[in-house]
Every structure is written in structure tokens, then in C-alpha cells.
1. Among the numbered criteria (1) within 30 Å of residue A:216 (Cα to Cα); (2) modelled with pLDDT of 95 or more, which single criterion is violated by residue C:299?
2. Looking only at segment C:167-182, which residues are of a type outside the set (Asp, Glu) and more than 7 Å from chain A (Cβ to nearest Cβ)?
3. Looking at C:203, C:210, which one is more than 14 Å from chain B (Cβ to nearest Cβ) and either surrounded by 22 or more Cβ atoms within 10 Å (Cβ to Cβ) or within 34 Å of the chain's Cα centre (by Cα) (or both)?
4. Only one of these conditions is not met by residue A:90: (1) touching a residue at least 24 places away in the same chain (Cβ under 8 Å); (2) among the charged types (D, E, K, R); (3) more than 19 Å from residue A:171 (Cα to Cα); (4) surrounded by fewer than 18 Cβ atoms within 10 Å (Cβ to Cβ). Which number is it?
5. So residue B:12 passes all but one of these: (1) without any contact (Cβ under 8 Å) to a residue 12 or more places away in the chain; (2) open to solvent by less than 20 Å² (accessible area, probe 1.4 Å). Which condition number does it fail?
6. Just the residues that are within 8 Å of chain C (Cβ to nearest Cβ), open to solvent by 10 Å² or more (accessible area, probe 1.4 Å), under 23 Å from residue A:315 (Cβ atoms) and of a type in the set (A, V, I, L, M), please, taken from segment A:339-397.
7. Going through B:25, B:31, B:58 one at a time, which residue ends up being facing chain C (nearest Cβ under 7 Å) and under 16 Å from residue C:232 (Cβ atoms)?
8. Count, please, the residues in segment C:1-31 that happen to be among the aliphatic types (A, V, I, L, M), part of a loop (DSSP other than H, G, I, E, B) and open to solvent by less than 70 Å² (accessible area, probe 1.4 Å).
Amino acid sequence: MKLEIGNFYVKDVAFGNETKFENNVLVINKEEALNYIREDEHITEADLIIAKPGENVRIVPVKEAVEPRIRPDGRPVFPGVTGDVEKTGEGRVHALKGVSVLGVGKHWGSFGDGLIDMSGEGAKYTLFSQTINICLVADTDEEYERYEQQKKNHAIRWGSHRLAEYIGRTVRNLEPEEVEKYELEPVTKRSENMQNLSSVVLVMQPQSQMEELGYNDLVYGWDMNKYVPTFMHPNEVLDGAIISGSFMPASSKWSTYDFQNFPIIKELYKEHGKSINFLGVIMSNLNVSLEQKKRSSIFVAQIAKSLGADGAIVTEEGYGNPDTDYIMCIAALEDIGVKTVGISNECTGRDGASQPLVTLDVKANALVSTGNVSEIIKLPPAEKVIGELQALARDGLSGGWAYDEILGPSVKEDGSIIMENNAMFCGDRIAGWSTKTVKEF
Amino acid sequence: MLKEIERAGIPIVHMCNLIPVSLTVGANKIVPTISIPYPLGDPSTSEEEQWKLRYHRVEVALNALTEDIKDQTVFNVKI
Amino acid sequence: MKKAIHYINQFFAGIGGEEKADYKPEIREGLVGPAMALNSVIDAEITHTVICGDNFMGSNKDEAVDRILNFLKDKEFDIFIAGPAFQAGRYGVACGTICKAVKEKFNVPVITSMNEENPGVEMFKKDIYIFKGGKSAAKLRKDIKSMADFANKILNGEELSSADEEGYFPRGIRHQVWLESGKTAAERGIEMLVKKLNNEPFETELVIPEPDRVPIAKPIKDLSKANIALVTSGGIVPIDNPDKIQSASATRWGRYDISKLDNLESGVFKTIHAGYDPAAADEDPDRVVPVDVMKVFEKEGKIGKLHKYFYSTVGTGTTQAEAARMGKEMLKYLQDDKVDGVILTST
């Protein structure tokens, strides 16, 4: 299966009369774009705001990030989400690089939403301080969840996927600056040299813990709570087969942008044929009950064994009770002789003294740490806020609070903030971007 | 929390769904529940079934408090 | 100039060896023994040296600590340094004991140094900075230098690095840091995996610690006379959440009177726990805190009585230190009412 990603590097984004990509500048006709968004009648108010790296801007509550893309052959970018269910992972897709569409609440935040600072101390916490962000700031008629801490955020999330596709259209028929090629031979049809290398699988555990549908990551539009692990091609992940959900505390989240650019997959591709034989992805999930967790780990270990994997990387979109799925899966692989490395974040508490993962097993002897969700972060006021700053304190974002005896509220009168890393949008970059680790002091 | 109470000599039984977490935390007496969001009564079943399940599992937990155990123990439930 | 106080034992003060180990605490102005070496490398003036016999500290710990704290209470100092104690067990324990007490009482940074074989390391490494020191006094200057280098960073307000980088024993405190190498998690993960596959040595970024266990409490002899309490980490509270318990990373807890209730009614109680779907718990809170069946067990005589209150907090993201504190606070009430056993329900 061969996937070509045609890259168009965006140096600047501006509003103008015609939505187009010219001389590395993306121009957006705001009204036209907004009209397209408003075709979803659940969007009651919408605006587009551009935020660039280095600007003194704070964005909150951020619900989703998407890389703008289009397929020249007309298939939807996100099958089962922005269009019919179609194949992904092969053929050509065009991508606008260096930009991201952000789905932002005009007022209302929820548990899994996060914050982005485009400059200053706060910028180092998230990848999305380095992209030019096209913020879809919207309100919706989803009254049933207006005051709920957990929100599906359906309209805003779908709005950002659709907007990403709308912007992608600008490069449908253009020649990309660069074409990345991703190709793996079928597992049993590889050369002898390749077969002599250690075989490696990537086990992904996307967030799927809400039993009520609508909050979880989707694979081809299918809710991953109602799913058992299967073998997938890494190209499918890079090519829009999965979209992010609306549940996990923001710093542990894999946004759709993360799936589209998954650094662990890209790194495995880089080593493919050199130090390893990259077999593919065992796509698992994260569960609520022990029985479900066990079932998934049984599926994963069996698939790895049947494929003849010598090694595995396991990575989870989450922390807290999902650590059980993570550690159980690592242990299940080690038990059948698959040498395994885990990549995830930790929760050592504000004081750093708590147990880093909720379950521990000495079999997990090779772990990469991408951050501590409960680290306290204080940041000065920003000149401009996109969205609504109060959402951080008022709406139950996982790293914000309305009231605390010692620390006071998360949002101070002067606009400065105090929060847990938990609410940094994709702050722990578990997909593999993270240059953070956790050390003992 | 659990350990502070047991450390003071009061026997405590942990009713939870995630047995591995409970074992890692260091609970000595554990009785399984059916899920995280509804430990003791599945809303998709009848009131009567939920009651029976809850009555049974809490009874197992109460009996567990009287058991003289030597190591971390997960007690069996029937329903 | 910042000020420091140094603690040493009778031997390094030149008073004597084993025969003088009962030497009572004293404080002298200025520099005694190793304090001179320390004074030459630390960015502070060592104003006083505290001396105490190792055996006196060992067998009269409370008295020794009291006396020393008393010496210090009218002194101004920015940092407190003890040792180095090398492999000397009693000296190491003494340095650990006094450093911990000084830190708690005066809230100043405290530093000591010991060899890894010193029993003081295991006892105090979680509480204070203990630098990895040599086996014997031959390493005195080197050990003093490593304590002083770190002390200088603290005194000058410089950023402190991790335990391994600085050279002290890890205290069980884990914080996130940005790697200078800029190496991403993806690169680190695959590099680690390739090493593991090739049977080469690799270094995990999270060492799985040995589990901590509490002794199993004595079982209840006669359940029909026992007083049983319900505790939950599932965040069940009265509908208005009167104690403002946080929905994650909780630092507060509440106890709610159930003596006049047969069960927990929907609309009267609810969950504020953010870590799971609240629908089932809100619809019938007994699914999380089984008050209804406990009342029946009480009526049926299966148990002596159900304790008047149930106790509630939220488990998700709550630090162990906070959970332990809340547990201790609850314990007081449980003990006051002579509770014999507890059922803790978690979600």
C-alpha cells in the first residue's frame, strides 16, 4: 500500500476576496468559508480568527486541531466523517503544512478542552504555538450539553474537519513542493533482507472510554468504544482514517492533527529497512471495565504473535485509569516474548511525589515519559484572547478550576492564569513530538 | 486513603472494578464491582437484578472484613 | 552575604572518637573542623558550627533535636549543612535526623552527604538532599565541594537540575523537564526499542518502583456487633456539593448524614467525579455508595450498625499525599465513632 502526501508549505495566512493558495500564502475568503461552516445549522455563531506564532495571543477553550488537506481524486479527507466511508492509506493526498485549523468554543469549554499560548513562556508547552492557526470560534445550539462538564462538541469538531477540507481545496490541482512517500510491502511478501531484521509493531490505544457514543475517537466514522483491536496499515492513520474525540484531558490528547502526522509512525518508517522491519499498526483502544481491558490486551498479543513481532511500541492517548490498559498490554506482550517499549505521560501530582502510573508492573522496564499532567503552570496575561478565558476556570477543563483555597481561581482578574499542565492543548505530545521527559528530583 | 485507614488497624475492603489498580495501590481485601461508572448496578438491567447484584457483592465485602488473610486477596463473587 | 550553619559530630570536631560519642550538643561561633573547608567553597558565611556526639543523638534523639533547634531559633541562617558522614552509620542517621528537623522547623534548605551504604540514605533520602559521598574521610574535600556547589546554586537562585545531574539521591519526586538534546519521544522510543531488541543496555525514563504495602488489619470477629462505615472515591455528594469537592485532583472531602435515609435518592445526591460518565451514578447513587443494601443488612442484623455518615471524595488525579491526608482526616471521625470496618467503593 502506497501513500503519497503532497506538501504545500504555508508561510502566511490572510483573509481576502478569494480562497486560494499562491506563492506560499494561503488566502481565505472569510464569508465564503463561514457560509460553508454554517451549512451545519447547529452552528449558531461562527468567526474565523488567525493566530500566528510569536503573537501575544491566548486561545481557549480549544477542542480540536486539524491539518488542512484534500484528495485530488475526490475521496473525502476523513471518510465516515466529512463524507462517505472510503478507503484511506493509498493514493495521493495534499496537505497544507505549517498551519492548523483549531476548533474553539466561543464561550463554552469542556473537560477535554485545552489552552494554547502563541508566545512567551506558555508557547513551549504545545506544538500549536508553532503553527499558524486558523481558529474557528463558534457557538452551537447543543443545549443538552451546554452546562455539562463532558461535551461531545460535535458541531465545532465537525466544523473544524469540514473547514480543513474546505481550505485543502485550494491545493487540489496544484503541484506540491515536496511529496512524502509511505509504502510497506505486505507482511509475508517482504525481501529476505527485510525479514532478517527485527519485526516491530506499533500498538496504538486511542481514547474510547465513554460508553455513551459521541465522545470517543472514530475510525472510519465508527465509535471506538464499540470496537476490538485490529491490524491496520500505518498509512491509514496518517491519512485521515481516525479523528480525535472529546473526552481526554487536553495534554494527553491526540488531536486529529496528531493522527495525520503521527511522529512515532514516521520514525518507525525512517528505521524500516535499516534497523527494523516495521510490520504495521495494531490498533487497540482504551476501555472502562477490566473485562474489556483484558479482552483488548488478548487481541493485541495474539495479533502480535501471529504476525511474528519481535518488538513493539505501545502508546496510549491518556493517563489515569487508561494506564491499566497500557501496562496490561505491555505486560501481555512481554509475556509472549515481544520486547516492548511504552510511550506515555505520567501523573506524579502537583508535588511530583505520587505514583506515576495508576498500575505498575515490573515487566514494563522500557518506558519513555512525555510529561507530568499535574505540573502547575503560571502564565502572565495575554494581550488578546481567542475564545473565552473564563472557560478555563468556569467550565471544568481538566487543568483549570473555579476555586481553590490556596491557589485561588485559575483565571485572575488581570488575565494571568494558574493551571495544571492537564489543560495545555496536546501539551504532552504523546504522539511522539514531546521533547519533555520526567526526571527524579 | 485506604492505606491510612488500614494502617490504623481498621479492616477495609476495596470494592472496585480495576483490580490491577487496587492491587498496585496496595489494598489487601478486594471485591470486584461490575464497571467504573456503575460499580454496583447495571442500568440496562431491571431494578430487581441490580438490587440482587448489589446485595450479593456488598455481602461478600462484609464477609471479607471477617476473613483472616495472609496476602492481598480478591474475593470471588457469584453475580 | 548569606549565612550558613554547619553540623558535625564529636569526632570531626576533634573532641574524640567512640569514647566521646555521648558528647552533648553544643553550638560554637565560627568554624570547627570541616566547617573550615566548607567555608572556603560556599557562597555564604558559616556563622556557627553545631556539634553533637553520635551516640547522644542516637539514644536521646528527642532531647538532642530539641536542644539543637533551641540553639538555632535566634540565629539567622539561609542554609543548613550537615556532614559529610561517609559510611559512618550513626553519623549519617544523625545528619539525616537533624537536617529533617531543621527543614521542618525553619523551612530553610538542608543538605548532607553520605555514602550509598550508609543506612541514613534509605531513612532520609525522601525528606532531604543527600549527596552521594565517599566511603571515608579521604573524600572529605570532594564531598564538601559537591554539597557546596549545590548549596551555591540554591543561594544564588539558580535553576536546579535533576537528582542524577546534581549528584544527590533521588527523593521520589518526579517533575517534567525539557531535554536539552531536543530529542523527541518518538526518537527516544525507537532508539530504546532497537537497543532492547539487540540486547544492548538501555535506560528507561520511568523506573517502576517497588510497591508499598500496609500490614493486613485484624479481621472483624463478630459482624453482627460491628459498626461499618461507607467511604467512596466516586464523588457522590448532596446535589449542591456543599463542601465544593473538586471534580478532579481533589483536595477536599465531605461526610454526609445517612442515619435518617433508606437509600441515596437521585436528585438529592449526585456525582461530581469528572473521570467517568455520570449518568448511571446520578440516576441511582446507590450504585456507587450502596446505602440501600447496607440499611437492609443493618435491619437484618447482619451488621451491628451502619456508621451515621458516608465519606466522599474524588479519586481521579488526586495526589497520594492529598489522598493520605484526607484518609487521616476521615480516620479521626471513624475512630471517634469506634468504626470496626470500612467498605471503600471506587469508580
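The values are calculated or read from the model by the stated rules, or taken from the named source; none is laboratory data. Note that this is a predicted model, so its numbers are computed, not measured. A quick note on method: Cβ atoms are made from the backbone with ideal geometry, for glycine too, and the neighbour counts reach across all protein chains shown. All accessible areas refer to the heavy atoms of the entire protein, side chains included, with ligands and DNA or RNA removed. Shrake-Rupley method; radii C 1.70, N 1.55, O 1.52, S 1.80 Å.
1. So residue C:299 meets the others, but not (1).
2. Passing the criteria: C:167, C:168, C:169, C:181.
3. C:203
4. Against the list (1) touching a residue at least 24 places away in the same chain (Cβ under 8 Å); (2) among the charged types (D, E, K, R); (3) more than 19 Å from residue A:171 (Cα to Cα); (4) surrounded by fewer than 18 Cβ atoms within 10 Å (Cβ to Cβ), residue A:90 comes up short only on (3).
5. That leaves (1) as the condition not met.
6. Matches in segment A:339-397: A:360, A:362.
7. Going through B:25, B:31, B:58 in turn, just one is facing chain C (nearest Cβ under 7 Å) and under 16 Å from residue C:232 (Cβ atoms): B:58.
8. Here is the first cut: in segment C:1-31, the ones among the aliphatic types (A, V, I, L, M) are C:1, C:4-5, C:8, C:13, C:15, C:21, C:27, C:31.
Next, from what is left, pick out any that are part of a loop (DSSP other than H, G, I, E, B): C:1, C:13, C:15, C:21, C:31.
Keeping just the survivors that are open to solvent by less than 70 Å² (accessible area, probe 1.4 Å) gives C:13, C:15, C:21, C:31.
Final tally of qualifying residues: 4.
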